[in-house]
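The structure appears right after this line, and notes come after that.
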Amino acid sequence: MFQYYSELPEDDLNILRQLKHSIESSSKNTSEYCHSLNEYYDELSEMFQLITDPLPPDCELEESLLPKYYLDFKEEYQRSGPYTFLNDCRSAKLIAFVQVISVKNRGAKVTAKPLSILKGQKDEFESDCFGNIKFNVYTAWSYACFQKGEKALILLEKVSTKTAIIWSSSKKFEVSNRDGIEIVMAKRAIKSYWHDINIDKINENNLVIIPWKQLETWIINNLQSLS
C-alpha cells in the first residue's frame with residue numbers, strides 16, 4: 001500500500017487538524033460541531049484542487065464523515081499510486097482541447113466543440129448533430145466549473161456505452177490567451193503532479209501555467225505510453 005501523503009503546506013494541514021480536533025471533541029448536532037464540520041468541508045474542498053496524495057491520517061475525519069469525492073480519490077490512489085498528470089492521462093478515455101458551447105442543469109450537462117482530440121475517438125461518446133461532444137459533470141462541483149464560450153483541456157471517463165463524465169475539477173484545465181500565446185492554467189501547483197513536464201512557471205496564486213503547444217506536444221509524444 002502506498003504511504004505518500006499530501007504535499008500541502010503545513011499551515012494548511014494544521015487548519016484541518018484543528019478542525020478535526022474541534023469536531024471530535026464536540027457533541028454531535030451541536031452548533032459548534034456543525035460549524036466545525038462545515039468549515040472542514042469548505043477547507044478540504046479548496047485544498048483538494050492542490051493535492052496529489054491523500055491527507056495524513058491525523059488530518060482525516062472518520063470515513064463516514066469524509067465527502068465522496070475525497071473517498072473516490074483516495075480509493076483510486078490506492079489502486080493506481082500517486083496522482084500525476086501522466087496517470088490522469090492514462091486513465092482518461094478521451095483527452096480533448098474543447099470550446100464550451102452550452103452548460104445546462106446547473107453545470108451538470110455540458111456540450112463542447114472539440115478543437116483537438118489527443119486521445120480516444122469522439123464517435124465513442126454522445127454528440128449532437130454538429131459533432132459536438134456531450135458529457136456529464138460530477139455534481140459535487142459542477143455548478144462552478146464550466147462557462148459557455150471558454151476553452152479547456154478535458155480528461156473524460158466513460159460511465160456507460162456512450163455517456164462520458166468528468167469526475168473532478170482537477171481533470172479540467174482552463175485555456176487562456178496571454179500575449180498572443182494560448183496557455184493552460186491549472187490549480188495543481190505541486191511539481192510532482194506534473195512529473196517530467198517542464199512547467200513554464202508557477203505564479204503567486206498557486207496556478208501552474210504551461211504553454212498549450214508545449215503540453216499538447218508532450219501528450220502526443222506520450223500517446224503510446226498512455227494507451
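Just one of (1) open to solvent by less than 20 Å² (accessible area, probe 1.4 Å); (2) of a type outside the set (A, V, I, L, M); (3) at pLDDT below 85; (4) in a helix (DSSP H, G or I) trips up Thr52, so point out which.
(4)
So for region 28-36 (the condition being open to solvent by 80 Å² or more (accessible area, probe 1.4 Å), at pLDDT below 90, over 30 Å from Leu115 (Cβ atoms) and over 22 Å from the mean Cα position of the chain (by Cα)), does at least one residue qualify?
Taking region 28-36 and keeping what is open to solvent by 80 Å² or more (accessible area, probe 1.4 Å), we get 28-29, 31-32, 35.
Subset that is at pLDDT below 90: 28-29.
Add one more test, that the residue is over 30 Å from Leu115 (Cβ atoms), and what stays is 28-29.
If we keep only those that are over 22 Å from the mean Cα position of the chain (by Cα) too, we end up with 28-29.
Scanning region 28-36, I find at least one residue that is open to solvent by 80 Å² or more (accessible area, probe 1.4 Å), at pLDDT below 90, over 30 Å from Leu115 (Cβ atoms) and over 22 Å from the mean Cα position of the chain (by Cα), so the answer is yes.
Being at pLDDT 90 or above, in a strand (DSSP E or B), within 19 Å of Trp194 (Cα to Cα) and under 19 Å from the mean Cα position of the chain (by Cα) is the requirement here; does Ala112 meet it? So that I can check it myself, show each step before the final result.
On the way: at pLDDT 90 or above: yes; in a strand (DSSP E or B): yes; within 19 Å of Trp194 (Cα to Cα): no; under 19 Å from the mean Cα position of the chain (by Cα): yes.
Against the criterion (at pLDDT 90 or above, in a strand (DSSP E or B), within 19 Å of Trp194 (Cα to Cα) and under 19 Å from the mean Cα position of the chain (by Cα)), Ala112 does not qualify.
Report yes if some residue within region 172-187 is modelled with pLDDT under 85 and within 27 Å of Asp42 (Cβ to Cβ); otherwise report no.
Yes - at least one qualifying residue is present in region 172-187.
Please verify whether Gly120 is of a type in the set (Gly, Ala, Ser) and under 22 Å from Ser176 (Cα atoms), treating the condition exactly as stated. Please lay out each step first, then the result.
Details: of a type in the set (Gly, Ala, Ser): yes; under 22 Å from Ser176 (Cα atoms): no.
Considered against the rule, which asks whether it is of a type in the set (Gly, Ala, Ser) and under 22 Å from Ser176 (Cα atoms), Gly120 comes out as no.
Only residues that are surrounded by fewer than 20 Cβ atoms within 10 Å (Cβ to Cβ) and either in contact (Cβ under 8 Å) with a residue 12 or more places away in the chain or part of a loop (DSSP other than H, G, I, E, B) (or both): list them for region 90-104, please. Give the steps one after another, and end with the answer.
Of all residues in region 90-104, those surrounded by fewer than 20 Cβ atoms within 10 Å (Cβ to Cβ) come to 90-91, 93, 99-102, 104.
Residues satisfying the conditions are Arg90, Ser91, Lys93, Gln99, Val100, Ile101, Ser102.
Would you check which residues across region 146-167 are surrounded by 20 or more Cβ atoms within 10 Å (Cβ to Cβ) and closer than 19 Å to Glu76 by Cβ and list them?
Initially, region 146-167 is screened for residues surrounded by 20 or more Cβ atoms within 10 Å (Cβ to Cβ), giving 146, 152-156, 164, 166-167.
Hits for region 146-167 are Ile154, Leu155, Leu156, Ala164, Ile166, Trp167.
If only one of Asp42, Asp58 is of a type outside the set (S, T, N, Q) and within 25 Å of Ser192 (Cβ to Cβ), which one is it?
Asp58
Inside region 105-128, can you point out the residues that are touching a helix residue (DSSP H, G or I) at 6+ places or on another chain (Cβ under 8 Å) and crowded, with 16+ Cβ neighbours inside 10 Å?
Those that are touching a helix residue (DSSP H, G or I) at 6+ places or on another chain (Cβ under 8 Å) and crowded, with 16+ Cβ neighbours inside 10 Å: Gly107, Ala108, Pro114, Leu118, Lys119.
Kindly provide the set of residues from region 41-66 that are closer than 13 Å to Asp12 by Cβ and among the β-branched types (Val, Ile, Thr), ordered by number. Please lay out each step first, then the result.
Residues of region 41-66 closer than 13 Å to Asp12 by Cβ: 42-51, 55-56, 59.
Ile51, the sole residue that qualifies.
Quick one: count up the residues across region 18-49 that are hydroxyl-bearing (Ser, Thr, Tyr) and either outside any loop (DSSP other than H, G, I, E, B) or under 25 Å from Ile165 (Cα atoms) (or both). Break it down into steps so the answer makes sense when it comes.
Filtering region 18-49 down to residues hydroxyl-bearing (Ser, Thr, Tyr) leaves 22, 25-27, 30-31, 33, 36, 40-41, 45.
Okay, now just the ones that are also either outside any loop (DSSP other than H, G, I, E, B) or under 25 Å from Ile165 (Cα atoms) (or both), so 22, 31, 33, 36, 40-41, 45.
Here the count works out to 7.
Could you please give the count of residues in region 115-133 that are closer than 20 Å to Val184 by Cβ and part of a loop (DSSP other than H, G, I, E, B)?
Total satisfying the criteria: 1.
Report whether or not Tyr41 is open to solvent by 60 Å² or more (accessible area, probe 1.4 Å) and under 21 Å from Tyr138 (Cβ atoms).
yes
Can you report the number of residues in region 56-86 which are surrounded by 17 or more Cβ atoms within 10 Å (Cβ to Cβ), at pLDDT below 85 and part of a loop (DSSP other than H, G, I, E, B)?
2
Mind checking whether some residue in region 38-49 is in contact with a Lys or Arg (Cβ under 8 Å, 6 or more places away or on another chain) and at pLDDT 90 or above? Don't jump to the end; show me each part of the working.
Taking region 38-49 as the starting set, the residues that turn out to be in contact with a Lys or Arg (Cβ under 8 Å, 6 or more places away or on another chain) are 40, 49.
Checking the rest, the ones that are also at pLDDT 90 or above come to 40.
Yes, some residue in region 38-49 is in contact with a Lys or Arg (Cβ under 8 Å, 6 or more places away or on another chain) and at pLDDT 90 or above.
Considering region 133-145 alone, what residues qualify as being surrounded by fewer than 19 Cβ atoms within 10 Å (Cβ to Cβ) and modelled with pLDDT of 90 or more?
The answer is Lys134, and nothing else.
The values are calculated or read from the model by the stated rules, or taken from the named source; none is laboratory data. Note that the structure is a prediction, hence the values are computed from the model and not measured. In this analysis, Cβ positions are derived from the backbone assuming ideal geometry, glycine residues included, and neighbour counts consider all displayed protein chains. Note: areas computed on protein heavy atoms with side chains; ligands, DNA, RNA excluded. Shrake-Rupley method; radii C 1.70, N 1.55, O 1.52, S 1.80 Å.
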